[in-house]
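Below is one structure, written out as structure tokens; the observations come after it.
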Amino acid sequence: MIGQRESVSGAHFAFTDRWGGVSAAPYEQLNLGGAVGDDPDAVRANRELAAGSLGLDPGRVVWMNQVHGNEVAEVAGPWTAPHIPAVDALVTASRGLALAVLTADCVPVLLADPVAGVAAAAHAGRPGMVAGIVPAAVDAMKRLGADPARIVARTGPAVCGRCYEVPEAMRAEVAAVEPAARAETSWGTPAVDVSAGVHAQLDRLGVHDREASPVCTRESDDHFSYRRDRTTGRLAGYVWLD
Ligand SMILES: [Zn+2]
């Protein structure tokens, strides 16, 4: 259910694993993604189960329509419009409002400045990391009063640099933007380490309280992995402030 959970000075960070939900194969069990072909009733039930295990009201969890871009939306409450905005990061200054990010190999990035009372959740896949979704999220937090020196950053389970094989030209394109993301697979071919890229970006922004999950989704049977399974569920990362 909840694979990792941590609280720092009233800021809460949590990442799910794939167990403890009601979805049938190939989404078993705790698929939290609503756009992957799973039964919507199962997804709704899973979101309620996950929220309940975190002590959250499922109606106070804000999701986004992720598109691998670099747009950020500021939210003060649940969406009221019928269409959820196509953004890859959410930022809030509303305490008690949880922000959620969906992934299956991409890097879920959770950020919080407990002093300013500002939180953000970002979806950083390879395109989003290159496009600068993480700096955009930190900028949005700063506009709400956050200080990078106080921001606590946690990144969740994601495909690791030894597993994320890409063509040589793609590795070169990514490394030209973010050298830290240059990697090689365990079998010796070009690869990208998106998590390393995200952490390098955060470091340059002055965010130094950072931790990365040791879990590689592609290597873990307890996590959804798009690159391993193609049709599969989505994990979620949640961040909120007391
Ligand atoms: Zn791996």
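The values are calculated or read from the model by the stated rules, or taken from the named source; none is laboratory data. Every value quoted in this text rests on a predicted model; they were computed, and no experiment measured them. Cβ: placed from backbone, ideal geometry, glycine included. Neighbour counts: every protein chain shown.
Some observations on this one:
- Of the set (1) more than 25 Å from residue 135 (Cα to Cα); (2) touching a helix residue (DSSP H, G or I) at 6+ places or on another chain (Cβ under 7 Å), all apply to residue 205 but (1).
- Taking the criterion of being more than 16 Å from the ligand (Cβ to nearest atom), within 26 Å of residue 120 (Cα to Cα), outside any helix (DSSP H, G or I) and not charged (D, E, K, R), the residues of region 138-172 that qualify are 144, 145, 146, 151, 152, 153.
- Residue list for region 184-241, restricted to those being among the acidic types (Asp, Glu) and either modelled with pLDDT under 95 or within 16 Å of the ligand (Cβ to nearest atom) (or both): 184, 193, 219, 221, 222, 229
- All conditions but one from (1) surrounded by fewer than 17 Cβ atoms within 10 Å (Cβ to Cβ); (2) closer than 15 Å to residue 129 by Cα; (3) acidic (Asp, Glu) apply to residue 193; the one that does not is (1).
- Among the residues making up region 177-216, those that are assigned to a helix (DSSP H, G or I) and closer than 20 Å to residue 103 by Cβ are 180, 181, 194, 195, 196, 197, 198, 199, 200, 201, 202.
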